[in-house]
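S.K.: Below is one structure. I have some questions about it.
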Amino acid sequence: MKDWIYVGLFLDDKSKRFLKRLYSIPRGWKEYYDHMTVVFNDGSQFAEEIKSVNEKHFHKRLTLKVIAVGISEKAMALKVELPGGIVCANKIPHITLGTSLEGKPVDSNDITNWHNIGWTFTVTGSMHE
């Protein structure tokens, strides 16, 4: 098994700036606006398979459709729709915008309070380890 931490779809600078203008995180929170985690390497065969399925998309320009915003006491994130052929290990694919001082980006997986944004827009980036 290769030594990797996670695979992410990392947003380009234009998309990061755009998201920061649209969505402000609560004051005092740590900001991210960086990527959508595709799979975290927990040492499982499942993680290796998700990585393997997505490798053909590495370093290509990819587009994510933003469909909802969610917030909890620990995290704020954007729910996204994946382009065809991309497989994500997370139940709800998302981009973490920020976390509270007690929160961590992984806490975005626990957001249950999602609100459709009412309009459509996309962000772009590339996938890699």
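S.K.: Would you tally the residues in region 88-99 being hydrophobic (A, V, I, L, M, F, W, C) and surrounded by fewer than 17 Cβ atoms within 10 Å (Cβ to Cβ)?
M.R.: Adding up the residues that qualify gives 1.
S.K.: Turning to a different aspect of this structure: For a quick check of your reading of the model, give me the residue pairs whose first member lies in region 1-25 and is over 20 Å from residue 64 (Cα atoms), whose second is in a helix (DSSP H, G or I) and at pLDDT 95 or above, with beta-carbon atoms closer than 8 Å and at least 6 apart or on different chains.
M.R.: 1/48; 4/51
S.K.: Taking the condition of being loosely packed, with under 14 Cβ neighbours inside 10 Å and at negative phi, how many residues in region 32-50 meet it?
M.R.: Of the residues in that region, 5 qualify.
S.K.: State which residue pairs qualify: first residue in contact (Cβ under 8 Å) with a residue 24 or more places away in the chain and inside region 35-48, second residue surrounded by fewer than 16 Cβ atoms within 10 Å (Cβ to Cβ) and among the aliphatic types (A, V, I, L, M) in any location, beta carbons under 6 Å apart, and separation of 6 or more residues or different chains.
M.R.: That search, which allows pairs on different chains as well, returns 41/5.
Yes or no, residue by residue, for (1) open to solvent by less than 10 Å² (accessible area, probe 1.4 Å); (2) under 26 Å from residue 30 (Cβ atoms); (3) touching a residue at least 40 places away in the same chain (Cβ under 8 Å):
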site: 52; (1), (2), (3): no, no, no
site: 62; (1), (2), (3): no, yes, yes
site: 66; (1), (2), (3): yes, yes, yes
site: 86; (1), (2), (3): no, no, yes
site: 101; (1), (2), (3): no, yes, yes
site: 109; (1), (2), (3): no, yes, no
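S.K.: Would you say residue 118 is touching a residue at least 24 places away in the same chain (Cβ under 8 Å) and open to solvent by 40 Å² or more (accessible area, probe 1.4 Å)?
M.R.: no
The values are calculated or read from the model by the stated rules, or taken from the named source; none is laboratory data. Small disclaimer: the values here were computed from a predicted structure and weren't measured. Here Cβ is always computed from backbone atoms with ideal geometry, including for glycine, and neighbour counts include all displayed protein chains. To get the accessible areas, we keep the full protein, side chains included, count just its heavy atoms, and leave off ligands, DNA and RNA. Shrake-Rupley method; radii C 1.70, N 1.55, O 1.52, S 1.80 Å.
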